[in-house]
1. Amide H neighbours of Asp370 under 5 Å, counting only residues 5+ apart in sequence or on other chains, H built in-plane at 1.01 Å?
2. Using 21 Å as the Cα-Cα cut-off, could you pick out the over-long pairs in Lys155/Lys254; Lys301/Lys400; Lys131/Lys155?
3. Tabulate in residue order the Karplus-calculated ³J(HN,Hα) for region 140-157, using 6.51 cos²θ - 1.76 cosθ + 1.60 with θ = phi - 60°, rounded to whole Hz; enter x for Gly and Pro.
4. What length, rounded to one decimal in nm, is gained on full extension from Leu35 through to Ala189, with 0.36 nm per residue of separation minus their alpha-carbon distance?
5. Among bridges DSSP assigns within the chain, what percent are antiparallel (round to 5)?
6. Given R₀ = 30 Å, FRET efficiency for Lys371-Ile302 by Cβ-Cβ distance, to 0.05?
7. When ranked by the protection proxy of mean other Cβ atoms within 10 Å per residue, highest first, what sequence do the peptides 267-279, 319-331, 154-166 form?
8. Within region 129-148, whose backbone N sits under 12 Å from a point 7 Å along Cα→Cβ of Lys214?
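Just so you know, all these numbers are worked out from the coordinates, no wet-lab data involved. Because the structure is a prediction, the values reported are computed rather than measured. Every residue, glycine among them, receives a Cβ derived from its backbone with ideal geometry; neighbour counts consider all protein chains shown.
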Amino acid sequence: MDRRDFIKKAATLALLAPLAKFEAFAAPATTVPGLVDKQSSLREGPQVARRPYKDTGLTVPLMGMGMMRLPTRGGKADIDYEATEKIIARAMRAGMNYFDTAWFYHDGQSEICAGKILSKYPRDSYYLASKMPCRALRTEADVERIFNEQLRKCKVEYFDFYLMHALNARLWKRSQELHVYEFLKKQQAAGKIRLLGFSFHDSYEVLREIANAKEWDFCQIQLNYLDWKAYHSKEQYEILTRRGIPAIIMEPLKGGRLASIRPEAEAILRKERPNDTPASWAFRFVGSLPNVLLMLSGMTKIEHMEENIKTLSPFEPLTEKERLVMAEAFGKDAVDTVPCTACEYCLPCPASVGIPTVFRIYNRYKSTGDKALFQKEMSELDNGQHGAKSCIACGACLKKCPQKIQIPTWMATIAREQK
């Protein structure tokens, strides 16, 4: 990269966020019945940084544990309880006491897992978040039935944070027809929900419409340094900030993509901070935004938890110099990869294509250049009829993908790349 290109990239990154003066997001005082601060009673060793929720006295850890990618013994629904319990215990000792689950995660087993493990801890020692699965709703009766079932599965009498899940223009319309918001506000008034928000996957114009339509306590959006422009995360963040709605961040590592970058890019980061991983840089980018209440990370291994605790205890916002370093490093990491976060909403595929697995293998190949490994792994998938060559371009995945990825087109591209 010549000096002119570097300066251009540095200037672009410098405009990403108001980081020069780091300060907590300020908002009007909020009174929510039953809303109390929760701290783990098992705190031990370094503690992750915490952020205040508006002017309530409530604080949450800057990072919460996402329960969408728990360790498994094989199939997605076969959660490894022993490994998960160890990860949660470590989180509680570090003060990372926010846990995010949902109706669809791990084929419906994530909420059950959360209930079985977290019920061993005092209810006032952790925050639990779950979500109304709007795409599963067909009638108003479904809303009440599912909500009560979630309370039962999670073994709780209330949710600290509750969301309308993965709203887009279509699901927002459906939820209005089924009066989902009105039902959830009644549950909030009854003390079964402390804070009510929504998670979001659509254009920033749709976000503005939803944010302005109702009163929301928080909103969960996808944000990372790659998506700041590509996914219009910047515009989404600014809409929430102007509305005074604290942001919870999902996919700060873009489904793990940002944990592993090109060697020449990582070398630039290591020169500046030898002991820091690419993942820690990605988390620090997100955490340096003042209106970010917390970010979620799906930690499949205890090593992931340890690394994240190190990054957040204490938390160091990015400096101006470090933003320039990021501009140089990630300019070198720019490759033609698929913006897949491995959420698996596209599954099952009618042709049995392992869509997230295909994209993961392809993205790693584009980042490392190891075509021999790419061809070997794709051949193994093809032999099981789960590879890109098995795609029949039926389009069933298109309406389900929250990233709006043109999956059949990418499958054709990947199949050609195998030759």
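1. none
2. Working: Lys155/Lys254 31 Å; Lys301/Lys400 28 Å; Lys131/Lys155 15 Å.
From the list (Lys155/Lys254; Lys301/Lys400; Lys131/Lys155), the Cα-Cα distance tops 21 Å for Lys155/Lys254; Lys301/Lys400.
3. 4, 4, 4, 4, 5, 4, 5, 4, 5, 5, 5, 4, 5, 4, 7, 6, 10, 9
4. Details: separation 154, 0.36 × 154 = 55.44 nm, distance 1.19 nm.
In short, 54.2 nm is gained.
5. Numbers: 4 of 32 bridges.
In the chain, approximately 10 percent of DSSP beta bridges are antiparallel ones.
6. Details: r = 33 Å, r/R0 = 1.10.
After rounding to 0.05, the efficiency reads 0.35.
7. Values: 267-279: 15.4, 319-331: 18.5, 154-166: 21.5.
Ranked from most to least packed, the peptides come out as 154-166, 319-331, 267-279.
8. Taking a point 7 Å out along Cα→Cβ of Lys214, the residues of region 129-148 whose backbone N falls under 12 Å are 132-134.
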